[in-house]
Ligand code: NAP
């Protein structure tokens, strides 16, 4: 495979880190972006240990100018962009709709949804110039399921799914594929404090037909497939990976 370049936002930790490392193993040079520089540098070293070029770019993806500067840096230093993974997202917090502050809604939307728009818009010309380029948006099963206490999160992820589908249609004639991944409960820093309560951990586990929480590597496997030639005829797809949790159950009379 000729040298290809991927950028993973939120690539310093959790799902983003696992995707960045998997793509490095599959032959991509990988740029990672997040706010905290230390974890970012650590992931960059792990990418290099896999024999690929790495670039760590401290970035707040909630800032459109920062996203523009990020893409310029990646395309300048690594020579282009073949895969953009919009993965960055902040930890959700429980809040009933009527008690949530509107500023909180807007801030959360900017970090979880609009950031993907900022990065994809900034990367559009670079992606359209590259044969076989693709975008992956990391959504959530919350995009499809009622999620009490998480209205802002579920709505932001639903917006990401809609963005995926329409952009897929717009960019299909250019050969750029746009897909999304919708994970269920995955053990990462995002839910580490909630998981400290063993009864919460077990309650979630018991709802998952495959009998365990997901790992970041489970999700990375889907990303690895979506950017590969095996998914060459897939665009506008949303792949659910949740151990079967969102399957409905009919127990009968
Ligand atoms: P995580 O371990 O907390 O990692 C989040 C990543 O996003 C970190 O690298 C973080 O780094 C970065 N980030 C957060 N805000 C950012 C900002 N404003 N600018 C740039 N980077 C930012 O969380 P995760 O579980 O891997 O989540 C990754 C994605 O998967 C998120 O979009 C999340 O909604 C989605 N997801 C997760 C689950 C789950 O159960 N874990 C389920 C469904 C979907 P900094 O804080 O240093 O910036």
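Quick one: if you stick a label point 7 Å off each Cα along the C-beta vector at residue 98 and residue 251, how many nm between them?
3.1
How much length is gained if the chain between residue 174 and residue 3 is pulled fully straight, taking 0.36 nm per residue apart and subtracting their Cα-Cα distance, in nm to one decimal?
Gain on stretching residue 174 to residue 3: 59.5 nm.
Roughly how compact is segment 72-162, stated as its Cα Rg over 2.2 N^0.38 Å to two decimals?
My calculation over the Cα atoms of segment 72-162 gives 1.26.
Applying 1/(1 + (r/R0)^6) with R0 = 25 Å to the Cβ-Cβ distance of residue 158 and residue 45, what FRET efficiency is obtained, to the nearest 0.05?
0.10
Per-residue counts of other Cβ atoms within 10 Å, averaged by peptide: what ranking do you get for 25-38, 159-172, highest first?
In decreasing order of mean packing, 25-38, 159-172 become 25-38, 159-172.
I want to check the label-to-label distance for residue 72 and residue 215. Put each point 7 Å from Cα in the C-beta direction and report it in nm to one decimal.
Each label point lies 7 Å from its Cα, and together they span 4.1 nm.
Between residue 125 and residue 206, 0.36 nm times their residue separation minus their Cα-Cα distance comes to what?
Roughly 24.6 nm would be gained on extension.
In nm, to one decimal, how far is the modelled label at residue 60 from the one at residue 144, with both set 7 Å along Cα→Cβ?
3.5
Could you tell me what percent of the DSSP beta bridges with both partners in the chain are antiparallel, to the nearest 5?
0
Hey, what's the Kirkwood Rh for segment 136-247 if you take every pair of different alpha carbons, in angstrom?
15.0
Computed on alpha carbon atoms, what radius of gyration and Dmax characterise segment 35-82, expressed in Å?
Over segment 35-82's Cα set, Rg and Dmax evaluate to 11.4, 32 Å.
Based on alpha-carbon positions alone, could you give the equivalent ellipsoid semi-axes of the chain from the gyration tensor, as √(5λ), descending, whole Å?
Calculated on Cα positions only, the semi-axes equal 29, 20, 19 Å.
Taking the Cβ-Cβ separation of residue 165 and residue 91 as r and a Förster radius of 22 Å, what is the calculated FRET efficiency to the nearest 0.05?
That pair, residue 165 with residue 91, gives E of 0.25.
Is it possible to state the helix-based mean residue ellipticity at 222 nm for the chain, with each DSSP H run of 4+ residues giving -39500 (n - 2.57), the sum divided by total residues, to the nearest 500 deg cm²/dmol? What is it?
-13000 deg cm²/dmol
In percent, what relative contact order does the chain have, based on Cα pairs under 8 Å that are 6 or more apart in sequence?
So the answer I get is 19 percent.
Using a Gaussian network for the chain with springs between C-alpha atoms less than 10 Å apart, which of these wobbles most: 45, 101, 224?
Its mean-square fluctuation being the largest, the pick is 101.
Using a Gaussian network model on the chain with a 10 Å cutoff between Cα atoms, which of 208, 15, 71 fluctuates the most?
The residue with the greatest mean-square fluctuation here is 208.
Any read-out appearing in this document is the output of simple, stated calculations on the displayed coordinates, not a laboratory observation. What you are looking at is a predicted structure, and each value in this text was computed from that prediction instead of being measured. Here Cβ is always computed from backbone atoms with ideal geometry, including for glycine, and neighbour counts include all displayed protein chains.
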